[in-house]
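Structure, as structure tokens:
Where a number appears in this text, it was derived from the coordinates with a stated rule and is not lab data. These figures come from a predicted structure and were not determined experimentally. Cβ: placed from backbone, ideal geometry, glycine included. Neighbour counts: every protein chain shown.
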Amino acid sequence: MADVSRLPGPNADIWDWQLEGSCRGEDPGIFFHPEGERGPARAARESAAKAICASCPVMMQCAAHALAVREPYGVWGGLSEDDRDAIYAGRRRLPEAV
């Protein structure tokens with residue numbers, strides 16, 4: 001069973017921002033990679049996901065959430081798994097508004 005202790009509780013005030021996401025209604029496959037995806041295919045998929053995030057009204061809340069709970073998978077708030085790993089490791093700075 002997955003460890004969900006890192007996630008906030010089921011409080012609508014905490015999660016309501018997700019209702020405004022530009023990703024709603026999009027194919028989740030754009031944001032989450034299939035098993036074994038690498039190289040140009042992964043870069044193209046992440047680029048498409050980040051383009052959707054770029055105009056999202058809740059991009060900063062989404063990125064902040066992903067960083068706060070150390071979301072291990074997918075593109076959240078314009079940040080890929082590798083982007084978040086670089087932030088955690090101190091190799092990249094947080095976006096200004098996060």
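The table below lists the values:
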read-out	value
Per-residue HN-Hα couplings for region 82-88 [Karplus 6.51, -1.76, 1.60; θ = phi - 60°; Hz; x = Gly/Pro]	5, 4, 5, 4, 5, 5, 4
Directionally averaged shadow of region 30-98, computed from the convex hull of its alpha-carbon atoms, nm²	4.5
J(HN,Hα) series, region 35-47, from Karplus relation 6.51 cos²θ - 1.76 cosθ + 1.60, nearest Hz, glycine and proline x	3, x, 5, 8, x, x, 5, 5, 4, 5, 5, 4, 5
Nitroxide proxy distance, nm - points 7 Å out along Cα→Cβ at ALA89 and ARG70	1.5
For peptides 47-55, 27-35, 62-70, sequence by mean Cβ density within 10 Å, most packed first	62-70, 47-55, 27-35
Point-charge dipole on Cβ atoms (K/R +1, D/E -1) for region 30-98, about Cα centre, debye to 20	140
Modelled FRET efficiency - R0 30 Å, LEU19 with ALA43, Cβ distances, 0.05 increments	0.50
Residues whose placed amide H lies under 5 Å from that of TRP76, excluding near-sequence neighbours	none
